[in-house]
Amino acid sequence: IEEQQVIVDKVGSPDASYEDFTNSLPSNECRYAVYDLDFITDENCQKSKIFFIAWAPDTSKVRAKMVYASSKDRFKRELDGIQVELQATDPSEMSFDIVKSRAI
């Protein structure tokens, strides 16, 4: 967020992995992220879910956390197709296993 506007920081490649996505998030700055997760269910069905992730690491500045938290709902309403929301402060809170379990 710059000057009260959400700015697109990065757009990932469709062939990038989930690990590439999580590694692209800054370790000490807040971000909003949208991720289209393709996965196979236990019944061997191909599925896709669009995640909205509010990334606010513990090491980010308190003011930035407040700005991101207060504008999250308004920004999320502007997006179409979001199926799952996830709040994460640490990479372990958005591991692939956790994300997949939220998708099913």
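The values are calculated or read from the model by the stated rules, or taken from the named source; none is laboratory data. Source: prediction; values computed, not measured. Here Cβ is always computed from backbone atoms with ideal geometry, including for glycine, and neighbour counts include all displayed protein chains. Ligands, DNA and RNA are excluded from the accessible area calculation, which covers all protein heavy atoms including side chains. Shrake-Rupley method; radii C 1.70, N 1.55, O 1.52, S 1.80 Å.
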Selection count where residues are within 15 Å of the chain's Cα centre (by Cα) and of a type outside the set (D, E, K, R), scope the stretch 49-70: 10
Qualifying positions in the stretch 1-35 - touching an Asp or Glu at 6+ places or on another chain (Cβ under 9 Å) and exposed (fewer than 10 other Cβ atoms within 10 Å of the Cβ): 13, 14
Residue pairs meeting the criteria (Cβ under 6 Å; at least 6 apart or on separate chains; first in contact (Cβ under 8 Å) with a residue 24 or more places away in the chain and open to solvent by 20 Å² or more (accessible area, probe 1.4 Å), in the stretch 36-59; second of a type in the set (Phe, Trp, Tyr) and part of a strand (DSSP E or B)): 47/39
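What do you reckon, is residue 84 aliphatic (A, V, I, L, M), surrounded by 13 or more Cβ atoms within 10 Å (Cβ to Cβ), out of contact with any His (no Cβ under 9 Å at 6 or more places or on another chain) and in contact (Cβ under 8 Å) with a residue 40 or more places away in the chain? Talk me through it step by step, then tell me what you get.
Values: aliphatic (A, V, I, L, M): yes; surrounded by 13 or more Cβ atoms within 10 Å (Cβ to Cβ): yes; out of contact with any His (no Cβ under 9 Å at 6 or more places or on another chain): yes; in contact (Cβ under 8 Å) with a residue 40 or more places away in the chain: no.
So residue 84 fails the test.
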